[in-house]
Amino acid sequence: MTVVAGLARRASRARNATTRSAPKGNGNVNGKRILLIIGGGIAAYKCLELIRRLRERGVAVRVVLTRAATEFVTPLSVGALTNERVLTSLFDLSDEQEIGHIRLSREADLLVVAPATADLLARMAGGHADDLATTVLLATDKPVLAVPAMNPHMWTHAATRRNVDRLAADGIEFLGPNEGEMAEGGEVGLGRMAEPHEILAAIAERLGGASGASAALAGRRVVVTSGPTHEPIDPVRYIANRSSGKQGHAIATAAAAMGAETVMVSGPTNLTDPAGVATVHVETAREMLEAVEAALPADVVVCAAAVADWRVADAAGSKIKKSKGKPVPKLDLVQNPDILRTVAELDAKRPPLVIGFAAETDNVVANAKKKLRTKGCDWIVANDVSAGTGVMGGDRNSVHLVTAKGVEDWPRMSKDEVARRLMERISKGVAKLRGAK
Ligand code: CTP
């Protein structure tokens, strides 16, 4: 059995199982040093965003580009972000050629290889040292995190499985790959590089215990719902919606980054569990409610999940068969519990801050204001999910924050940015509540 099979089994166990415990730590990565080795793959562009975010958090980033990586990102753009000379070949170390690569590999707290292409993994597994990237990786005494990205067939190929097996046995850690659409030709499968916020969280988990610079929510407990729910029709069919879980996962990541003890209850998604977040995997609305209630008491609950409003009254225990002349089955639907309203209506266990989302296609703000009243929550984050906005499943969002005080229109920004801004607002809201106590 290969390690990839083992990893896949562990991943599927993690998906099916209940919780992962959150790591401890103060979340501070300020002053840490990363050596980022960028491999030659289309996903290399994501490293620019990663570098920016690491720098924002006070992390010093030194970059080695493989020769192939320079086809995808330029030393000039990387250098402008790191504020350091970008190294591409062994000869860049001409000043101290003998010890340069040793120093380079040891002056960092962590080495990150992203994208870890099939070729780079193969050369690492073979112990090659024929360029600066592999030489540094061979010379290091520091932990190495590999973030693979490649075509799904390359990832599942026996040769890559052997290499990953070998590297995992050598102590290299892996993040991803994620499942999703490939850059080339719309192919879908396991091979997409983890997103910058996921890499950042994984780095912070290893270096700082959580994923961010501030500990504004340290000592606070935040519960987040994310993703869609699946409501079974029979054992093979279900009712679902288009939610990707990106916004909810980003909120949980941001909460953990600010030092909160974070629990995320997620419906089925293709996303990696955020590092530093205790994730509970559920399928249905009723399971989601049960998991949220079990996660209370909390200081803040953010309901970002797109919960199915209805479920099939009597889901069939075995597959519904079609046969000629037999009538098409009629689905009798019943209402699902409203998780947000249930939490907002709790008495003693009601969290001080309960926040909902409003997914609307028409009269966005007016409907959100109505939801604030009918659901009894404190804030509503309203977003326009009409076809054409690209919000459902996309990476960007444009939201309005609706509170008892009024409406704030936020400019269009990435879902990660929305999450960070929201968590900053939440930390201020929680501080006020603390002051009021
Ligand atoms: N929500 C929930 N449980 C449900 C339905 C919705 O917790 N059964 C939460 C969502 O997570 C979100 C908010 O309620 O925070 C609003 O969800 P939305 O889908 O916009 O509204 P609905 O309540 O489903 O109403 P409608 O579909 O009629 O707009």
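Of 323, 226, which residue is small (Gly, Ala, Ser) and surrounded by fewer than 21 Cβ atoms within 10 Å (Cβ to Cβ)? Before the answer, list the steps.
Values: 226 fails: surrounded by fewer than 21 Cβ atoms within 10 Å (Cβ to Cβ).
The conditions single out 323.
Would you check if residue 334 is loosely packed, with under 15 Cβ neighbours inside 10 Å and either modelled with pLDDT of 95 or more or within 12 Å of the ligand (Cβ to nearest atom) (or both)? So that I can check it myself, show each step before the final result.
Details: loosely packed, with under 15 Cβ neighbours inside 10 Å: yes; either modelled with pLDDT of 95 or more or within 12 Å of the ligand (Cβ to nearest atom) (or both): yes.
Against the criterion (loosely packed, with under 15 Cβ neighbours inside 10 Å and either modelled with pLDDT of 95 or more or within 12 Å of the ligand (Cβ to nearest atom) (or both)), residue 334 qualifies.
Being buried (at least 18 other Cβ atoms within 10 Å of the Cβ), away from the ligand (no atom under 13 Å from the Cβ), in the same structural domain as residue 299 (by TED's automatic domain parsing) and β-branched (Val, Ile, Thr) is true for just one of 399, 430. Which residue is that? Write out each step before concluding.
Numbers: 399 fails: away from the ligand (no atom under 13 Å from the Cβ).
Among 399, 430, only 430 is buried (at least 18 other Cβ atoms within 10 Å of the Cβ), away from the ligand (no atom under 13 Å from the Cβ), in the same structural domain as residue 299 (by TED's automatic domain parsing) and β-branched (Val, Ile, Thr).
So that you can scan it fast, the table gives a plain yes or no per residue for (1) out of contact with any helix residue (DSSP H, G or I) (no Cβ under 7 Å at 6 or more places or on another chain); (2) of a type in the set (Gly, Ala, Ser); (3) within 13 Å of the ligand (Cβ to nearest atom):
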| residue | (1), (2), (3) |
| --- | --- |
| 252 | yes, yes, no |
| 259 | yes, yes, no |
| 262 | no, no, no |
| 268 | yes, no, no |
| 303 | no, no, yes |
| 355 | yes, no, yes |
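What pairs come out if I take residues in segment 58-77 that are exposed (fewer than 13 other Cβ atoms within 10 Å of the Cβ) and pair them with residues that are in a loop (DSSP other than H, G, I, E, B) and polar (S, T, N, Q) whose C-beta lies under 9 Å away, six or more apart or interchain?
Hits for this filter: 58/28; 58/30; 67/88; 67/89.
With respect to residue 311, determine if the residue is touching a Lys or Arg at 6+ places or on another chain (Cβ under 9 Å) and free of Cβ contacts under 8 Å to residues at least 60 places away in the same chain. Show your work before the answer.
Working: touching a Lys or Arg at 6+ places or on another chain (Cβ under 9 Å): yes; free of Cβ contacts under 8 Å to residues at least 60 places away in the same chain: no.
No; evaluated as a whole, the condition is false for this residue.
Return the total of residues in segment 310-369 being assigned to a strand (DSSP E or B) and either small (Gly, Ala, Ser) or over 32 Å from the mean Cα position of the chain (by Cα) (or both). Before you say what the answer is, go through the steps one by one.
Taking segment 310-369 first, the residues assigned to a strand (DSSP E or B) are 310-312, 333-335, 353-360.
Checking the rest, the ones that are also either small (Gly, Ala, Ser) or over 32 Å from the mean Cα position of the chain (by Cα) (or both) come to 333-334, 356, 358-359.
Counting residues in segment 310-369 that are assigned to a strand (DSSP E or B) and either small (Gly, Ala, Ser) or over 32 Å from the mean Cα position of the chain (by Cα) (or both) gives 5.
Against the definition (touching a helix residue (DSSP H, G or I) at 6+ places or on another chain (Cβ under 8 Å) and more than 16 Å from the ligand (Cβ to nearest atom)), how does residue 410 come out, yes or no? Before you say what the answer is, go through the steps one by one.
Details: touching a helix residue (DSSP H, G or I) at 6+ places or on another chain (Cβ under 8 Å): yes; more than 16 Å from the ligand (Cβ to nearest atom): yes.
Taking the combined requirement at face value, the residue satisfies it.
The values are calculated or read from the model by the stated rules, or taken from the named source; none is laboratory data. Model, not experiment: these values are computed from the prediction. Please note: Cβ atoms are built from the backbone with ideal geometry, for glycine as well, and neighbour counts cover all protein chains shown.
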